[in-house]
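Report on the structure given below.
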Amino acid sequence: MKKIKVAIIGYGHLGKWHAQKAEAFPEMAELKYIVEKFPAGMEAAKAAHPKALVVDDISKCINDIDAAFVVTPTSFHFELVEYLLKNNKHVFCEKPLTETTSESLKLKELLSGKDLVLQVGHSERFHQAWERKESYKQFFEAPAHISLKRVAPFKGRATDVDVVQDLMIHDLDLLVYLFGETPVSVESVGFKMRTNRYDYVSSNFKFKSGHRATITVGRNQTKEVRELEISNKAGTLLVDLMRNEIQEALGSELGPEFVSLDKYEKRDHLLIEHRHFYDSILNHKAPIVSLEDGLLAVKLIDKVIESVTSGREVMI
């Protein structure tokens, strides 16, 4: 089997993890290059991955790779993915795919007709909890109120984008992925706190099925929370994505104190994403998270931002 020659573009907080995962599948892939423009990052990459070549620009290795992972700030995603596709390279791009819908549409046009894999890094899809959805299917029946919350104290990362692109994108993708339905409208409120971008946003979504959803994200909060809660006539289901717990409070006929607790396995989501990416390339399979998935998430981001800035409900 031919090994996939891989480059990691960006050796920041997340790029370091991707570089590790790229070395975890020696039978499928070879980490050939790390692309990092900052001297300190270059030195760190050389020390951690002595078998890889470290360069300061993707153009210096473009002819010696088969695929690349784009793990840079979002503002660089479009130009890098565009360059890689034009040079017929397979691409894994961390979320969000691009800053704007128009940029994602340009990439869709560029990818059309090419025998290339473009996978988007929506890693929250890979919680083991979602594989148990059938066991809790009554909670996914409409009408239900869905609450997704993803907040944390300020960490100083991803301040080049709003918290919508930084954090809410995870839950926008999860909302469509888990419920199989795109919302029809959104109404949002947001605040700029620590940066000149929105650091807190809460959005209310409506669906044709009767579902309602609220997604709240913040990066200047007092504690860290990542959870999904669904309430409908069946009761309430809470999935704690930090503690890897599922709590279920069924209808009143079972008693007001009845709450069950189930644990699920913590997984290495990046490792799973790498395996799927290489498998798609080697076996000519569709990516597990496609350009279309990434495009829809970016479209929803645009609508949320439009609602926040206008102060009104926006149709999707």
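The values are calculated or read from the model by the stated rules, or taken from the named source; none is laboratory data. Here the structure is a predicted model, which is why all the values come from computation and not from measurement. So basically every Cβ, Gly included, is an ideal-geometry build from the backbone, and we count neighbours across all protein chains shown.
Annotations
- Enumerated strands (runs of 3 or more DSSP E) restricted to the range 1-106, each holding at least 2 residues that are farther than 18 Å from GLN119 by Cβ: 29-35, 53-55
- Selection of the range 52-97 for residues being small (Gly, Ala, Ser) and either buried (at least 19 other Cβ atoms within 10 Å of the Cβ) or in contact (Cβ under 8 Å) with a residue 60 or more places away in the chain (or both) yields ALA52, ALA67, ALA68, SER75.
- Residues located in the range 101-156, provided they are closer than 30 Å to GLY210 by Cβ, charged (D, E, K, R) and over 20 Å from the mean Cα position of the chain (by Cα): ARG132, GLU134, LYS137, GLU141
- Filtered residues of the range 177-194 (kept if closer than 20 Å to VAL161 by Cβ and surrounded by 17 or more Cβ atoms within 10 Å (Cβ to Cβ)): VAL186, SER188, GLY190
- Comparison of GLY210, GLY255 shows that the only residue that is under 30 Å from PHE191 (Cα atoms) and either modelled with pLDDT under 95 or loosely packed, with under 14 Cβ neighbours inside 10 Å (or both) is GLY210.
- Verdict on VAL164 being crowded, with 23+ Cβ neighbours inside 10 Å and in contact with a Phe, Trp or Tyr (Cβ under 9 Å, 6 or more places away or on another chain): yes
- Test: residue in the range 21-33 that is over 21 Å from ASP268 (Cβ atoms), surrounded by 17 or more Cβ atoms within 10 Å (Cβ to Cβ) and not basic (Lys, Arg): yes
- Within the range 213-234, the residues that satisfy the criterion of being touching a helix residue (DSSP H, G or I) at 6+ places or on another chain (Cβ under 9 Å) and buried (at least 18 other Cβ atoms within 10 Å of the Cβ) are ALA213, ILE215, THR216, VAL217, GLY218, ARG219, ARG226, LEU228, ILE230, ASN232, ALA234.
- Sole residue being of a type in the set (Val, Ile, Thr), in contact with a Leu (Cβ under 8 Å, 6 or more places away or on another chain) and modelled with pLDDT of 95 or more, chosen from ILE316, ILE281, ILE272, ILE288: ILE316
- Residues in the range 227-252 that are part of a loop (DSSP other than H, G, I, E, B) and either modelled with pLDDT of 90 or more or among the aromatic types (Phe, Trp, Tyr) (or both): LYS233, ALA234, LEU241, MET242, ARG243, ASN244.
- Any chance ARG197 is of a type in the set (D, E, K, R), outside any strand (DSSP E or B) and surrounded by fewer than 15 Cβ atoms within 10 Å (Cβ to Cβ): no
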